[in-house]
1. Pairs needed: first member in region 1-24, in contact (Cβ under 8 Å) with a residue 24 or more places away in the chain; second member anywhere, among the hydroxyl-bearing types (Ser, Thr, Tyr); C-beta distance under 8 Å; at least 6 residues apart or different chains.
2. Go through region 11-22 residue by residue and tally those that are exposed (fewer than 13 other Cβ atoms within 10 Å of the Cβ) and either within 14 Å of the chain's Cα centre (by Cα) or not aromatic (Phe, Trp, Tyr) (or both).
3. Look at region 35-67 and say how many of its residues are within 24 Å of Glu87 (Cα to Cα) and among the hydrophobic types (A, V, I, L, M, F, W, C).
4. Of (1) closer than 29 Å to Glu87 by Cβ; (2) aliphatic (A, V, I, L, M); (3) at pLDDT 90 or above, Val28 satisfies all except one. Which?
5. Among what's in region 55-90 and is assigned to a loop (DSSP other than H, G, I, E, B) and in contact with a helix residue (DSSP H, G or I) (Cβ under 6 Å, 6 or more places away or on another chain), pick the residue that is farthest from Met10 (Cα to Cα).
6. Filter region 24-35 for residues that are open to solvent by 40 Å² or more (accessible area, probe 1.4 Å) and of a type in the set (S, T, N, Q) and give the result.
7. Residues of region 36-88 being open to solvent by 90 Å² or more (accessible area, probe 1.4 Å) and either touching an Asp or Glu at 6+ places or on another chain (Cβ under 6 Å) or in contact (Cβ under 8 Å) with a residue 24 or more places away in the chain (or both), which ones?
8. Residue under question is Tyr44, and the condition is that it be among the hydroxyl-bearing types (Ser, Thr, Tyr), assigned to a strand (DSSP E or B) and at pLDDT 80 or above; does it hold?
Amino acid sequence: MQDLIADYEMFCENEKVLNKKKFRMRYVPCGTSFDLNMKYNLYYMPAKRGYRDHKYLGLYKNKCIRAIGEIKKITCISADKNGDNIEVIE
């Protein structure tokens, strides 16, 4: 039943019938990158992790959300392991 509700909610959002984006926050674990996220005001993750529209991002560390920010821009990039060759995809 929960899958059916989630599918219907996603359908309504895609059809612009139900817009929860402005109220939704995603929290993400970032224990090892937390200091860099805060220093550069930037959060990064692999694109394959998935995405769902949300306006706010909570940074989770040590069993607690330590910071909340409003998303200003989402960009997908490609980079080699050394970070020498960076390409903006979208």
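The values are calculated or read from the model by the stated rules, or taken from the named source; none is laboratory data. Computed from a predicted model, the values in this text were never measured in an experiment. Backbone-built Cβ (ideal geometry, glycine too); neighbour counts: all protein chains shown. Protein only, heavy atoms only, side chains kept; ligands, DNA and RNA dropped before computing areas. Shrake-Rupley method; radii C 1.70, N 1.55, O 1.52, S 1.80 Å.
1. Qualifying pairs under 8 Å: Arg24/Tyr56.
2. Initially, region 11-22 is screened for residues exposed (fewer than 13 other Cβ atoms within 10 Å of the Cβ), giving 11, 14-17, 19, 22.
Imposing the further condition that a residue be either within 14 Å of the chain's Cα centre (by Cα) or not aromatic (Phe, Trp, Tyr) (or both) reduces the set to 14-17, 19, 22.
Residues in region 11-22 being exposed (fewer than 13 other Cβ atoms within 10 Å of the Cβ) and either within 14 Å of the chain's Cα centre (by Cα) or not aromatic (Phe, Trp, Tyr) (or both): 6 in total.
3. Residues of region 35-67 that are within 24 Å of Glu87 (Cα to Cα), as a first pass: 36-53.
With among the hydrophobic types (A, V, I, L, M, F, W, C) added as a condition, the list becomes 36, 38, 42, 45, 47.
Final tally of qualifying residues: 5.
4. (3)
5. Our first condition is that a residue be assigned to a loop (DSSP other than H, G, I, E, B); within region 55-90, this holds for 55, 62-63, 71-76, 80-85, 89-90.
Going one step further and asking which of them are in contact with a helix residue (DSSP H, G or I) (Cβ under 6 Å, 6 or more places away or on another chain), we end up with 55, 76.
On the way: Lys55: 16, Cys76: 22 Å.
This residue is Cys76.
6. Scanning region 24-35 gives a single hit, Thr32.
7. Met38, Asn41, Asn62, Arg66, Ile68
8. Details: among the hydroxyl-bearing types (Ser, Thr, Tyr): yes; assigned to a strand (DSSP E or B): no; at pLDDT 80 or above: yes.
Judged against the criteria, Tyr44 is not a match.
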